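For reference, the structure is listed below as structure tokens.
Please treat every number below as a calculation from the coordinates, not as lab data. These numbers come from a predicted model, not from an experiment. Heads up, the Cβs are rebuilt from the backbone with ideal geometry, glycines too, and the neighbour counts pull from every protein chain shown.
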Amino acid sequence: MSEKTLKKNLVDRFLDGVEKACSKLPPPAILFCWLFVIVAVLGAIFTLTGVTMTNPATQKEVISQNLFTKDGILWFLNNMVRNFTGFAPLGLVLTMTLAIGFCEESGMLVTLIRSSLRNVPPAIVPYLIAFIGTNGNIASDTAMIVIPPLAAIVYIGVKKNPIVGMLVGYAGAQAGFSANLMIAGTDSLLQGLTNTAIAAFIGNDSIKIDVTANWYFMIASTFLCALVIGYVSIKIVEPRFGEYKGAEEDSTAIQITPAEKSGLKVSALAAMIFIGILLVGFFTKVLSTKDGKFVGSPLLAGIIPVLFLLFSIVGISYGIKTGSFKNVKDINKAMVKQMSAMGAYVIFCFFCGQFQGLFNWTNLGTMLAIKGANFLKGLNFTGIPMCVVFIFICAGVNLIISSGSAKWAIFAPIFVPMFWILGYHPGFTQLLYRLGDSPFNAIAPTSPYIWMVLSVIQTKYDKDSNIGTLISGMLPIAIILQVIWIVFVILWMVTGVNIGPGVGYYMQLPV
């Protein structure tokens, strides 16, 4: 038995253990049911033991609440529906999904990707695939489904191993999930959870972060992710898989038709007209602040409706031009199809909303934040080392719980106030979470999309591939990207450059 085979077997045994452990986790909705019960029991215990703490933001005593009392029952009866409908990510994600759905159902999204991947020099193919994959999160989970198979076709076209192409495409879409040149659904989803945690801590919604809180850093991170993923794939991943000996893929699969080209031109024209209208509104101070600034402007505050209109306009324009949308009934079918796929997410939002509502009502999040902050101060464990440890905690949990919103729904009520007490801006805490949440997405066995990629590879390129093949191939990408991203954020902090419009690293608690 060679050393290479021995190592592969050891990796497989380790991954089998991880897969077995992860398979025992309940679905997200059931997980939050259990968390709801745990929080209710802890709240009752803290209430009966009389634990109290002082909130440094309000200087008031904080005590836990007991669900198993008359007040607790009345709270639940009066707030169950509100916990669901008021769950911040629900409306934001459904709105963005509907808008992106027009681009997907019309065929514009796939055509745009195929158009971008044509006639690319072999040396830059990995970097371009990683760049497109990283930006693919503008279409949310669609990128994980669409980009890897197209990447495999492009790799064959330049005489590279298509399996590596699928891994690079998947790593870009998953490991670089937080980064993007534009504001994406991830930004709106996490922002909603962060603002809910802020409001629960200070007792009102007077302080909020914008959806652009991490935008500057994420724009720069888009190029960082593309460079790291592309370089590691060339130097480490490609040599592991060697030369591909299979049949040639049909090169016409990435060609675009004249009708599709015409559709892209029309959608681009529609986008430019819409952006021109926005610019006119901004510079005439209809969509800007009174002194003409972007930060705090109606344009920034309404970025989600703006993106909804933009994607709807370009998607529908493309669909009408290419004939994929022949009438309003086709447009309606596209909306219905997109929303029909969101059933599992809506169920998750219902149960997660109940958990988060109870967590805030019992004051456990505030109490844990105060206790944790005091503990870290006592150890004198703050600053950059604490930030790095927090990133690694998020990365470790990410291997077990693949849903970014599920993890942040648990972490935000604890860590946003905790870091705030220590002087850090809530937007910066959110950024640290995103850095830990992204790179190890690529090797999380609990993600359904990695099994989809494996199925395509086994069917089309290598029937002997297994989950260990995929994860061991992407593990170097995940580890190296995580380390470099941490170094990158530290250097960014040293420069003092804001991470988003008007958002820095530090913020004092309100007096």
Checked against a 22 Å limit on the C-alpha separation, the offending pairs among 261/321; 208/371; 160/460; 208/290; 261/333 are 208/371; 261/333
How many nm is it between the label spots at residue 95 and residue 269, if each spot is 7 Å from the Cα in line with the beta carbon? 3.0
Along Cα→Cβ, 7 Å out, is where each label goes; now give me the distance between the ones at residue 293 and residue 208 in nm to one decimal. 1.8
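Using DSSP to define loop residues, name the trypsin sites (Lys or Arg not before Pro) in the range 172-279 whose beta-carbon has at most 12 other beta-carbon atoms within 10 Å.
Passing both the DSSP loop test and the Cβ count: 245.
Residue 411: net charge of surrounding residues, Cβ under 12 Å, Lys/Arg +1, Asp/Glu -1, itself excluded?
+1
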14 Å beta-carbon shell around residue 44, net charge (K/R +1, D/E -1): 0
R0 = 51 Å: FRET efficiency of residue 262 with residue 41, Cβ-based, nearest 0.05? 0.25
Give me a comma-separated list of calculated 3J(HN,Hα) values for the range 191-206, in order, Karplus coefficients 6.51, -1.76, 1.60 applied at θ = phi - 60°, integers in Hz, x for any Gly or Pro. 4, x, 5, 5, 5, 5, 5, 5, 4, 5, 6, 8, x, 7, 10, 6
Which number comes out as Rg/Rh for the range 15-495 once both Rg and the Kirkwood Rh are worked out on C-alpha atoms? 0.98
Between residue 286 and residue 381, what length in nm is gained on full extension when 0.36 nm per residue of separation is reduced by their alpha carbon distance? 29.5 nm
